[in-house]
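This report refers to the structure that appears directly beneath it.
The values are calculated or read from the model by the stated rules, or taken from the named source; none is laboratory data. It should be emphasised that the depicted structure is a prediction, and the values quoted were computed from it without experimental measurement. Positions of Cβ are backbone-derived with ideal geometry, glycine not excepted, and every protein chain shown enters the neighbour counts. Calculation scope for accessible area: heavy atoms of the full protein, side chains included, ligands and nucleic acids excluded. Shrake-Rupley method; radii C 1.70, N 1.55, O 1.52, S 1.80 Å.
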Amino acid sequence: MTTRMELLRTMLFMRRFEERCVPLYQQQAIRGFLHLSVGQEAVAAGVGSLLGPDDSVVGTYREHIHALAKGVPADAIMAEMFGRISGCSGGRGGSMHLFSADHRFYGGNAIVAGGLPLAVGLGLADTHFGRSGVCACFFGEGAMAEGAFHESMNLAALWKSPVLFACENNLYAMGTSLERSAASTDLAMRAGSHAMPALSVDGMDVEAVIEATQRALVHLRAGQGPVFVEYRTYRFRPHSMYDPELYRTKQEVERWRERDPLTMLGDRLRASGELDDEMWSAMLAEVDDEIEVAVERAEAGGIEPVDDLARYVLAEVDHG
Amino acid sequence: MAEPAAMETEMTCREAMRAALRESIIDDDRVVLMGEDVGAYGGCFAVSSGLFDELGSERIIDTPLSELGFVGAGIGAALGGMRPIVEIMTGNFSLLALDQIVNTAATLRHMSGGQLGVPIVIRLATGGGRQLAAQHSHSFDGWFGHIPGIKVWSPGVAEDFRWMLSAALADPDPVLIFEHVGLYGRSGPVGARSDAGDPERAVIRRPGRDLSLITFGGTLPMVLDAATELFGDGVDAEVVDLRCLRPLDTSTMVESVRRTHRAVIIDEGWRSGGISAEVSARLAEHCFYDLDAPIGRVCSREVPMPYPAHLEAAALPSVERIVEAARAAMDATVVVETW
Ligand SMILES: Cc1ncc(C[n+]2csc(CCOP(=O)(O)OP(=O)(O)O)c2C)c(N)n1
């Protein structure tokens, strides 16, 4: 069982890791699109704490912290964003395409809802081979408008594929709010129509996340088919690094910041005497040091020779 | 009525398309713009920025993430008498709507024996060069050019960004406009609508005597740069901007090559089965006896787009590769790119 202090540290690491990406992006060490999850850490940290090495994860383009939650090393993630060979995708994918087969982390998908069908199949394969693993598939509420969402939900329910459909409802798909894009904003009700349990939980409270996810996992691991969980959360930062945020007010963001998942858990730990200022500062320093090492290693990483450009298109078969 | 554009102003391709959208929507009640984040967000590439506030949510319609659904709805709205402009955020995402475009928009006129037509305009941002990797960077324009029943236009200069839209809206059939993201920030002169001419005719952007560089869309600026560099070396290249991939204006390219006797085709799409293959075949069919050198091609390397800058640059056409291919054509040799 992960302790509450461990959860706090995990979330802090995620937070500091992503905040460190911002200046790196401004310095153009990280390029392309960069989507941060700042504010949403309780979901990845909570769900991740309940998954084992046999379980798989499918993420989106906002997946750095899902990769961290699945145990992909911070070094390899940072190096990937730098486009280095030492990156978890060999530098080919970048921020939106983190992969780690060893960790059963299947991306890193920049097509909204593109990962959901994969999750159904990963679950199917686990069942087929009698393996105990389940697949945790993360996506935003915006993805629920895609056909792939509904097709995947039905397939998973029909085949009893062990998929945790983990919907991170942060209220906005880029600049389009849920009520401007969905006639029915009751996500669990919509999901429930696919004949699977559908829960809705406070995604800013990591302990609530864990409690709900645990219930879902009992069902999943008993072979009873998929579960949908709506984690109600919020992203504190813009959609990506280009977003002028014309669609929401600063006050709204401030109100949500009052429910910062780190503060919420931190306050509880202080109240129970498990955390004090000194411990917090030590934790912060330790986390930052670790992240700095990841940045230094990424910077020191090599780049692939241009002659290798055509690699990794098809399997490299040795015909010799 | 929107006020007429002033004669010969300088504007970016982004501003030009924005002016065209604004004008089309103000001038014609049947026209709406719909797509993901075209409204409140201001457009993923800021093309429609400001229009939502000015024209309102009934004319600038934010859609959910449902490419298949809203493209299909656009087709239905066109059948019902509207003139929808549907924006798909990038070419890669158009694949989610491929069924409606290819199986419905492109076929309805034929299947109905001519009773139905689909006057829809679909705008897509396309192309690479921004390190957006393998799900945001590809060029499917040539691939759509394979399909009878739709038209595929590709503006390469601000003037075409300004005037292609109204021509597309006036067209009774589905028109796809591929807008290369690398062009949005580039400026160019924009004159009167009549100066832009028929969008389905190719245009000679730079006359030259020694060889024809044939291209369109996002690669046009680098081809013009390559032509300048070649001129410094005493090679006078003609630059042909195809502008339209379906229907393909065969006569303009053929006439150019009959004058220059050498051709290099530059396309950001992949080489195998791409539009460069089609152009090359037409030149072989029409100009075989006029050619003094094998036809050259500069295309994207056949890999999904890699993320790191140096690999992406190596995957895409470049001035260097174009100059090299042009020199080879001048020497009557050919750089056969094998991948
Ligand atoms: C098929 C597809 N359409 C559009 C996009 C562009 N896009 C990227 S993220 C995004 C918003 C997605 O919102 P949501 O699913 O709620 O996830 P969030 O970004 O809030 O985490 C959009 C429209 C895309 N990547 N893929």
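Summary table
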{"item": "Accessible heavy-atom area order of B:Thr104, A:Thr263, highest first, probe of 1.4 Å", "result": "A:Thr263, B:Thr104"}
{"item": "A:Asp102-A:Ala183 FRET efficiency (beta carbon distance; Förster radius 41 Å; 0.05 resolution)", "result": "0.45"}
{"item": "Percent antiparallel among DSSP beta bridges (both partners in chain A, rounded to 5)", "result": "10"}
{"item": "Carbon plus sulfur fraction of accessible area for region B:132-215, probe 1.4 Å, in percent", "result": "52"}
{"item": "Antiparallel %, DSSP beta bridges [both residues in the protein assembly as shown], to 5", "result": "20"}
{"item": "At 1.002 mPa s and 20 °C, Stokes diffusion of region B:1-71 via Kirkwood alpha-carbon radius, µm² per second", "result": "168"}
{"item": "Calculated Rg and Dmax of the protein assembly as shown using C-alpha coordinates, Å", "result": "26.5, 89"}
{"item": "Using distinct alpha-carbon pairs, which all enter the 1/r mean, Kirkwood radius of region B:8-195 in Å", "result": "16.4"}
{"item": "For region A:33-129, diffusion coefficient by Stokes-Einstein and Kirkwood Rh (Cα), 4 °C, 1.567 mPa s, µm²/s", "result": "97"}
{"item": "B:His310 accessible area, 1.4 Å probe, all protein chains in place, Å² to nearest 10", "result": "50"}
{"item": "Cα shape, region A:158-289, gyration tensor, a/c 1.5 rule", "result": "oblate"}
{"item": "Alpha carbon Rg of chain B, scaled by the compact-globule rule 2.2 N^0.38 Å", "result": "0.98"}
{"item": "By accessible area with a 1.4 Å probe, ligands and nucleic acids excluded, highest first: order of A:Lys70, A:Lys250, A:Lys160", "result": "A:Lys250, A:Lys160, A:Lys70"}
{"item": "Mean ellipticity per residue at 222 nm, deg cm²/dmol - from DSSP H runs of n ≥ 4 across chain B, formula -39500 (n - 2.57)", "result": "-9500 deg cm²/dmol"}
{"item": "Aspartates and glutamates with Cα under 15 Å of A:Lys70, excluding same-chain neighbours fewer than 8 positions away", "result": "A:Glu6, A:Glu41, A:Asp54, A:Asp55, A:Asp102"}
{"item": "Area buried, chain A against chain B - accessible surface, total, 1.4 angstrom probe, square angstrom", "result": "3000"}
{"item": "Residues losing 10 Å² or more accessible surface upon assembly, region B:30-45, compared with the chain by itself, 1.4 Å", "result": "B:Asp37, B:Ala40, B:Tyr41, B:Cys44"}
{"item": "Antiparallel %, DSSP beta bridges [both residues in region B:8-195], to 5", "result": "15"}
{"item": "With all protein chains modelled, accessible area of A:Arg4 [1.4 Å, Å²]", "result": "60"}
{"item": "Relative contact order of chain A, defined on C-alpha pairs under 8 angstrom at six or more residues apart (%)", "result": "22"}
{"item": "Shape category assigned to region A:246-289 from the gyration tensor of Cα positions, a/c cut at 1.5", "result": "oblate"}
{"item": "For region B:106-193, convex hull of alpha carbons as volume per residue, Å³", "result": "89"}
{"item": "All-pairs alpha carbon distance profile, region A:4-301, 5 Å steps from 0, percent", "result": "1, 6, 12, 17, 19, 17, 14, 9, 4, 1, 0"}
{"item": "Stokes-Einstein D in µm²/s, Kirkwood radius over Cα pairs - region B:200-294 at 25 °C with 0.890 mPa s viscosity", "result": "188"}
{"item": "Accessible solvent surface per residue of the protein assembly as shown, calculated while the other protein chains remain in place, 1.4 angstrom probe, Å²", "result": "39"}
{"item": "Straight-distance crosslink candidates among aspartates and glutamates, where the alpha carbon sits under 17 Å from B:Lys151 and sequence neighbours closer than 8 are dropped", "result": "B:Glu87, B:Asp99, B:Asp141, B:Asp160, B:Asp171, B:Asp173, B:Glu179, B:Asp198, B:Glu200, B:Asp241, B:Asp249, B:Glu278"}
{"item": "Test item: A:164-173 mean partner chain Cβ contacts at 10 Å", "result": "1"}
{"item": "B:Ile122, B:Ile295, reordered so the largest accessible area comes first (probe 1.4 Å)", "result": "B:Ile295, B:Ile122"}
{"item": "Hull volume in cubic angstrom per residue (convex hull over the Cα atoms of region A:233-320)", "result": "246"}
{"item": "C-alpha center-to-center spacing [region A:127-201, region A:251-314] in angstrom", "result": "27"}
{"item": "Centroid-to-centroid separation of region B:300-330 and region B:67-135 [C-alpha atoms, Å]", "result": "30"}
{"item": "Debye intensity ratio I(q)/I(0), log10, region A:271-320, q values 0.14, 0.15, 0.25 Å⁻¹ (C-alpha model)", "result": "-0.64, -0.67, -0.95"}
